[in-house]
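The values are calculated or read from the model by the stated rules, or taken from the named source; none is laboratory data. Note that the structure is predicted; figures quoted are calculated from it, not measured. Cβ coordinates were reconstructed from backbone atoms using ideal geometry, including for glycine residues, and neighbour counts include every protein chain displayed.
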Amino acid sequence: MIDTALIYIRDILNEHFRNEFSISENKVVLSNIVKADGSVAQNVEGKIVFFLVSLDEESTLKNSIGRNSGKNDGTYAYNTPAMHLNLQLLFCSNFDSNVYTEGLSYLSSLIRFFHANKIISLDHLNNSNRKPGRLSFELCKLDYDQLSHLWSAIGSKLMPSVIYKVGMVVFDDAPVKKVIPAIKNPDAN
């Protein structure tokens, strides 16, 4: 589900940029800035690059019960409760000094887009019996020390960037553990 959500975010941002800037190329790339060996990633120059920085479980929904009522026969199915994840995504403007302001324009447009679309539905991606999905976007603020540590951990120089907390990627693929039959009154026959 994480990959599906991130690819969808990339695609809707590219569509937004094509409409706003009247361009035909994709300007948003889902990729690391730096490869694992420390070299610069390919095909990220002149792009808005974004990637998963971290994820955590939504603590307010952590202790939900995994019981679902059955059909009209009164049975209950027990399964593992759904896991609700929050993703922290870093969007950075990777434009060289010749087109630095162009990169800032794209970054500004991205911020406006998420400000206008704080919740994005994933219903059309839901091709199973799972609950419809949606993503919520919240701008995160890091102080200078945190920002410095983050860019050091990434292995890159500081770039114009923004971090969003993307809430509620739901994992609910757990199989049913057991089915509890309905209690019936023996005298009802």
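Considering region 45-63, the residues that are surrounded by fewer than 17 Cβ atoms within 10 Å (Cβ to Cβ) and among the β-branched types (V, I, T) include one that is modelled with the lowest pLDDT, namely T60. Screening region 1-29 for residues that are more than 18 Å from I120 (Cα to Cα) and among the aliphatic types (A, V, I, L, M) and picking the one that is surrounded by the fewest Cβ atoms within 10 Å (Cβ to Cβ) gives I23. Does I154 satisfy the condition of being within 18 Å of R10 (Cα to Cα), surrounded by 11 or more Cβ atoms within 10 Å (Cβ to Cβ) and at pLDDT 65 or above? No; evaluated as a whole, the condition is false for this residue. Picking from residues in region 100-119 that are within 18 Å of the chain's Cα centre (by Cα) and of a type in the set (D, E, K, R), the one that is farthest from N14 (Cα to Cα) is K118. If the condition is being modelled with pLDDT of 95 or more and closer than 29 Å to E57 by Cα, then region 72-107 contributes Q88, L89, L90, F91, C92, S93, L107.
Does N127 satisfy the criteria of being of a type outside the set (D, E), modelled with pLDDT under 75 and either in a loop (DSSP other than H, G, I, E, B) or closer than 30 Å to V34 by Cβ (or both)?
Details: of a type outside the set (D, E): yes; modelled with pLDDT under 75: yes; either in a loop (DSSP other than H, G, I, E, B) or closer than 30 Å to V34 by Cβ (or both): yes.
Yes, satisfied.
Contact annotation: residue pairs with Cβ atoms under 6 Å, 6 or more positions apart or on different chains, pairing a residue in region 15-32 that is touching a residue at least 24 places away in the same chain (Cβ under 8 Å) and aromatic (F, W, Y) with a partner that is surrounded by 14 or more Cβ atoms within 10 Å (Cβ to Cβ) and in a loop (DSSP other than H, G, I, E, B), are F17/K27.
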